[in-house]
1. How many of the residues making up the range 36-55 are of a type in the set (A, V, I, L, M, F, W, C) and in contact (Cβ under 8 Å) with a residue 24 or more places away in the chain?
2. Tell me yes or no: at least one residue of the range 98-118 is on the phi > 0 side of the Ramachandran plot and either surrounded by 12 or more Cβ atoms within 10 Å (Cβ to Cβ) or assigned by TED's automatic domain parsing to the domain that holds ARG14 (or both).
3. Of everything in the range 56-87, what is touching a residue at least 40 places away in the same chain (Cβ under 8 Å), assigned to a helix (DSSP H, G or I) and polar (S, T, N, Q)? Give them in sequence order.
4. With touching a residue at least 60 places away in the same chain (Cβ under 8 Å) and among the β-branched types (Val, Ile, Thr) as the only criterion, which of VAL123, VAL159 stands out?
5. Those residues that are exposed (fewer than 14 other Cβ atoms within 10 Å of the Cβ) and among the β-branched types (Val, Ile, Thr), I need them from the range 32-46; list them, please.
6. From the list GLN51, GLN68, which one is more than 18 Å from GLU12 (Cβ to Cβ), assigned by TED's automatic domain parsing to the domain that holds LEU24 and at pLDDT 90 or above?
Amino acid sequence: MDMIKIGGFLKELRKEQGLTQEQLGEKLGTTGKTVSRWETGTYLPPVEMLQALSELYGLTINELLAAQRLTPEEAPAKAEENLTELIRENSAFQLNEQKQYWRDKWLRDHRGTIILLIIAYAVCQLIGLMIDRIMLNATSSLIAIGIAVFFSNARDSYVEHHLYDEKLPQD
């Protein structure tokens, strides 16, 4: 979505009504500063505000998002385009944001265990060096790699569970 174009259109519509940003904000139950943010393209108004703006200006939400008045013939194609773009923008961003949240949470929850394992690995390496046992060093390195893979898989399973499984309907 071209936020600046939408903002410019909202500004144009407000001026056609002879309203200041503050007056429009009062009508909508928000502030003039918020209206200014919409009009500069900083933020897209939330759905409730798009509905109120649509009623106020006598336009559809589709026309507001298209940033133009549409003929009945243009409306269906533009609605499909707007919907596709909104879904694409929001789903990818939200999914990545949620994925990062659950990864960070898993790491916070398992930080102590990971630190203990790193310390145990370092101690095994030091002991192996002190008693000159290369086999001990090699074995502890292989075990450390196995544990790292295990924890990586556990983290990924945890993230996937919270992203997808919890959203499934329960029997």
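The values are calculated or read from the model by the stated rules, or taken from the named source; none is laboratory data. Given the structure is predicted, the values throughout are model-derived calculations rather than measurements. Counting neighbours? That spans all protein chains shown, and the Cβs are built from the backbone with ideal geometry, glycine included.
1. Residues that pass the stated criteria total 4.
2. Taking every residue of the range 98-118 in turn, none turns out to be on the phi > 0 side of the Ramachandran plot and either surrounded by 12 or more Cβ atoms within 10 Å (Cβ to Cβ) or assigned by TED's automatic domain parsing to the domain that holds ARG14 (or both).
3. Across the range 56-87, the qualifying residue is only ASN82.
4. From the options VAL123, VAL159, the qualifying one is VAL159.
5. Within the range 32-46, just THR42 meets the criteria.
6. Just a single option satisfies the conditions, and that option is GLN51.
Every residue, every condition in (1) at negative phi; (2) surrounded by fewer than 14 Cβ atoms within 10 Å (Cβ to Cβ); (3) out of contact with any Lys or Arg (no Cβ under 7 Å at 6 or more places or on another chain), yes or no:
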{"residue": "GLU55", "(1), (2), (3)": "yes, yes, yes"}
{"residue": "LEU70", "(1), (2), (3)": "yes, no, no"}
{"residue": "PRO76", "(1), (2), (3)": "yes, yes, yes"}
{"residue": "GLU80", "(1), (2), (3)": "yes, yes, yes"}
{"residue": "ALA120", "(1), (2), (3)": "yes, no, yes"}
{"residue": "LEU136", "(1), (2), (3)": "yes, no, yes"}
{"residue": "LEU142", "(1), (2), (3)": "yes, yes, yes"}
{"residue": "SER152", "(1), (2), (3)": "yes, yes, yes"}
{"residue": "HIS161", "(1), (2), (3)": "yes, yes, yes"}
